[in-house]
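I have placed the structure first, in the form of structure tokens, so that the comments after it can refer back to it.
The values are calculated or read from the model by the stated rules, or taken from the named source; none is laboratory data. Not measured: the values here are computed from a predicted model. For neighbour counting, all protein chains shown are included, and Cβ atoms are generated from backbone atoms with ideal geometry for every residue, glycine included.
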């Protein structure tokens with residue numbers, strides 16, 4: 001990784017999860033921003049231009065993470081930001097989510113609970129051009 005820290009925006013309505021995950025990512029060398037819902041996450045993304053955004057699905061609405069991902073991709077200033085959906089919805093409801101360009105325009109889908117090591121590895125894998133050898 002270069003000297004510049006990668007900026008990651010976490011968007012999740014579970015504040016304890018946000019705080020714990022932010023600490024883990026900061027310890028791994030990321031700069032972390034936090035938002036507790038889709039609209040504030042979208043506003044933070046527009047203001048801070050993170051390198052990656054990690055979205056929960058169910059926040060104030062059951063589909064809020066999906067709608068937020070589509071709004072990010074529709075914004076010309078944010079459309080190239082790397083997006084990860086981090087959710088327990090697939091496991092809880094036995095649904096398989098796969099990224100696609102229209103309905104779920106994210107780079108990765110990771111199931112909660114993810115270990116710290118898995119989350120960091122998945123985030124790093126979204127930056128192949130900046131990997132350490």
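Are any of the residues in the stretch 51-62 within 17 Å of residue 110 (Cβ to Cβ) and over 14 Å from the mean Cα position of the chain (by Cα)?
Taking the stretch 51-62 and keeping what is within 17 Å of residue 110 (Cβ to Cβ), we get 51-59.
Filter once more, keeping what is over 14 Å from the mean Cα position of the chain (by Cα): none.
Looking for residues that are within 17 Å of residue 110 (Cβ to Cβ) and over 14 Å from the mean Cα position of the chain (by Cα), one finds none in the stretch 51-62, hence no.
I'd like the full set of residues that are closer than 21 Å to residue 125 by Cα and without any contact (Cβ under 8 Å) to a residue 12 or more places away in the chain, limited to the stretch 33-82.
Listed by number, the residues that qualify are 79, 80.
Could you grab me the full set of residues in the stretch 21-39 that are part of a helix (DSSP H, G or I) and either surrounded by fewer than 13 Cβ atoms within 10 Å (Cβ to Cβ) or on the phi > 0 side of the Ramachandran plot (or both)? Give the derivation first.
Filtering the stretch 21-39 for residues part of a helix (DSSP H, G or I) gives 21-27, 38-39.
Selection gives 23, 27.
Output the residues belonging to the stretch 41-83 that are in a loop (DSSP other than H, G, I, E, B) and either on the phi > 0 side of the Ramachandran plot or out of contact with any strand residue (DSSP E or B) (no Cβ under 8 Å at 6 or more places or on another chain) (or both). Talk me through it step by step, then tell me what you get.
Initially, the stretch 41-83 is screened for residues in a loop (DSSP other than H, G, I, E, B), giving 49-51, 56-63, 75-81.
Those that are in a loop (DSSP other than H, G, I, E, B) and either on the phi > 0 side of the Ramachandran plot or out of contact with any strand residue (DSSP E or B) (no Cβ under 8 Å at 6 or more places or on another chain) (or both): 49, 60, 61, 62, 63, 75, 76, 77, 78, 79, 80.
Restricting to the stretch 1-20, name every residue that is over 22 Å from residue 72 (Cα atoms) and touching a residue at least 40 places away in the same chain (Cβ under 8 Å).
1, 2
If I ask for residues that are modelled with pLDDT of 90 or more and loosely packed, with under 11 Cβ neighbours inside 10 Å, which ones from the stretch 76-123 would you list?
76, 77, 115, 117, listed by residue number.
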